[in-house]
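Just below is one structure, and these are the notes that go with it.
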Amino acid sequence: MKIREFNKDTDYKDAVRWWNAWGFPPLETHVLPSTGYIVEGEYKVAAGWVYKTIDTPMGWLEWIVSNKDLSKEIRGEGLDLLLEHVTKEASEEGLVLFTSINNKSLGKRLEKYGFNKTDTSMANYIRGI
């Protein structure tokens, strides 16, 4: 498997299909940052995006999604590659990464890559324009 930059023209439809498969409403392309990544092997496996703040060393890792049609093992490998890449890149740039999730297995995976669990009784809200 390899990781590359997410291409909104060729990868977006896959991300939409994956979000729908997992019961998550798709985001529109204009809210996705240019720092998006896709993991692929024989098939596209997973994707995620890092929003970088302008005036602080903070990054927000979000909208992590995988191809539900693939086996749990392949998805796991893809997510590992994604997290390995974004954490290495964040370290090189001196960024602190933040993310919010509601998936225990992804949480364990994040902890493996040095993330610490913080708030556990939070609700996330988003407002469209």
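The values are calculated or read from the model by the stated rules, or taken from the named source; none is laboratory data. Note that the structure is a prediction, hence the values are computed from the model and not measured. We place every Cβ from the backbone using ideal geometry, glycine too, and count neighbours over all the protein chains shown.
Could you tell me whether any residue of region 50-65 is in contact with a Lys or Arg (Cβ under 7 Å, 6 or more places away or on another chain), farther than 17 Å from residue 3 by Cα, free of Cβ contacts under 8 Å to residues at least 60 places away in the same chain and not β-branched (Val, Ile, Thr)?
Filtering region 50-65 for residues in contact with a Lys or Arg (Cβ under 7 Å, 6 or more places away or on another chain) gives 59.
Filter once more, so that each one left must be farther than 17 Å from residue 3 by Cα: 59.
This time we only want the ones that are free of Cβ contacts under 8 Å to residues at least 60 places away in the same chain, so: 59.
Those left that are additionally not β-branched (Val, Ile, Thr): 59.
Yes, region 50-65 contains a residue that is in contact with a Lys or Arg (Cβ under 7 Å, 6 or more places away or on another chain), farther than 17 Å from residue 3 by Cα, free of Cβ contacts under 8 Å to residues at least 60 places away in the same chain and not β-branched (Val, Ile, Thr).
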Among the residues of region 29-84, the number that are under 19 Å from residue 116 (Cβ atoms) and part of a strand (DSSP E or B) is 8
What number of residues within region 76-129 are closer than 24 Å to residue 54 by Cβ, among the hydroxyl-bearing types (Ser, Thr, Tyr) and at pLDDT 85 or above? 5
Could you go through region 113-127 and let me know if any residue there is over 24 Å from residue 56 (Cα atoms), in a loop (DSSP other than H, G, I, E, B) and hydroxyl-bearing (Ser, Thr, Tyr). yes
Which listed residue, of 91, 100, 105, is among the small types (Gly, Ala, Ser), more than 21 Å from residue 13 (Cα to Cα), surrounded by fewer than 18 Cβ atoms within 10 Å (Cβ to Cβ) and within 12 Å of the chain's Cα centre (by Cα): 100
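Filtering region 17-53 down to residues that are β-branched (Val, Ile, Thr) and buried (at least 17 other Cβ atoms within 10 Å of the Cβ), which residue is farthest from residue 73 (Cα to Cα)? Break it down into steps so the answer makes sense when it comes.
Within region 17-53, the first condition is being β-branched (Val, Ile, Thr), and the residues that meet it are 29, 31, 35, 38-39, 45, 50, 53.
Of the ones still in play, those that are also buried (at least 17 other Cβ atoms within 10 Å of the Cβ) are 38-39, 45, 50.
Working: 38: 17, 39: 14, 45: 11, 50: 24 Å.
By that ranking, first place goes to 50.
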I'd like the residue in region 54-88 that is of a type in the set (Gly, Ala, Ser) and within 18 Å of residue 19 (Cβ to Cβ) and, out of all such residues, is surrounded by the fewest Cβ atoms within 10 Å (Cβ to Cβ). 66
Looking at 23, 94, which is the one that is closer than 23 Å to residue 120 by Cα and among the small types (Gly, Ala, Ser)? 23
